[in-house]
Structures are given as C-alpha cells and as structure tokens.
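Just so it is clear, none of the values below were taken in a lab; they were calculated from the coordinates. All of these numbers come straight from a predicted model, not from anything done at the bench. Counting neighbours? That spans all protein chains shown, and the Cβs are built from the backbone with ideal geometry, glycine included.
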Amino acid sequence: MGESHQETQDPSQEQKKGSYIQWSPEKNKTLINLLLDAVASGLRGSNCTFSKFTVERRILLTLNRMHRCNKTYQHYSNRTKIMKTKYLNAAELLRFSSGFGWDPTTKRFTASKDVWAEYLKAHPKFKKFRDETFDEFDDLKLIFANPFD
C-alpha cells in the first residue's frame, strides 16, 4: 500500500513538495485505530469523512505524539486515499463478483480456483487479493463504508 516511500528525518524536509513520507506498519495501525475511535465517537461527517479540524486536532496530534513524527494533513490525505482505494477495490470484489466470500478468521478472500482464474483474467492487478491476507479489511470497512448503504 505505498510502503516504498522513504521517510525524512528532518521535520522541515517533510513539508517540501515532492518529498515522500513512509508509513510504517505501526504508524499505519495507529492511524487506523485513531480513525476507528473517531468513527465510534461520532466525529465522521454526514459525507462519511472527517473534518480537517478533527484530523489535525485529534488524529494527527495523537499520532505524532505517539510516534514522535510530524505527519501533516497532506500526509494523512495521501495515506487515507491509498487505504480507501484498496478497501473499495476489495469491496467491489465481494459486491459485484459472484463466487467470492470473505473469511474474517484468516483475513482472506475465498473463491474456487476456477472463480479466481476467471476473475484474474479480467483483473490481473487484483492478484494480491488471492495471494495475501488483508488484515485491515474489516477495520477499513468501518472507516470508509457508507453506513447508509
């Protein structure tokens, strides 16, 4: 999920246009947990997003303190865009593709070999959903799915 970026050590460098900030698995998990807390606290707006104020004053403030980093709203926006895209691609697999299921215990998508073969002919970039676990799927569903659907 975009983990190939390099993190700068100098916080002033993080603000430069074109610099890339890595989200370690620990920071990513913390972000997801903070977003889940914000959802549970009713801080998500009617359009299923969080206000910039909520992100900067609650989510990033806590994340930056916990990990001694300097993530900005732009970093948050880029990261959540990547997470949301991955979630929506996975949700589409379940919603529009017959024969697929989700195993919450193994955190993997399930289907017969034939179903996977047919699907991957048309969608080769989604091979990762067959081969890898998606540990965050249930959490991202709570964060990004429209509760009114």
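Stokes-Einstein diffusion for region 84-149 at 37 °C, viscosity 0.692 mPa s, with a Kirkwood radius from C-alpha pairs, works out to 268 µm²/s. In the elastic network of the chain, a GNM with C-alpha springs shorter than 10 Å, the most mobile of LEU120, LEU31, LEU60 is LEU120.
Averaging 1/r over every pair of different alpha carbons in region 29-138 and inverting the result gives a Kirkwood radius of 15.8 Å. Note on SER98 and ASN70: the extension gain reaches 5.7 nm, defined as 0.36 nm multiplied by sequence separation minus the Cα-Cα distance. Largest GNM mean-square fluctuation among SER46, SER24, SER77, using the chain with Cα springs under 10 Å: SER46. Suppose R0 equals 25 Å. What FRET efficiency, 1/(1 + (r/R0)^6) with r the Cβ-Cβ distance, do THR110 and CYS48 give to the nearest 0.05? Approximately 0.35, to the nearest 0.05. State which entries of LYS71/LYS127; LYS27/LYS81; LYS71/LYS107; LYS29/LYS121; LYS29/LYS141; LYS29/LYS81 exceed 26 angstrom in Cα-Cα distance in the structure shown. Result: LYS71/LYS127; LYS71/LYS107; LYS29/LYS121 exceed 26 Å.
Rounded to whole numbers, the Karplus 3J(HN,Hα) couplings from phi for region 92-99 are 5, 4, 6, 6, 10, 10, 5, x Hz, using 6.51 cos²θ - 1.76 cosθ + 1.60 with θ = phi - 60°, and x at Gly and Pro. Comparing LYS84, LYS107, LYS121 in a Gaussian network model of the chain (Cα springs below 10 Å), the most mobile by mean-square fluctuation is LYS121. Converting phi to 3J(HN,Hα) with the Karplus coefficients 6.51, -1.76 and 1.60 and the offset θ = phi - 60°, region 108-118 yields 9, 7, 10, 5, 5, 4, 5, 5, 4, 4, 5 Hz in sequence order, with x at every glycine or proline.
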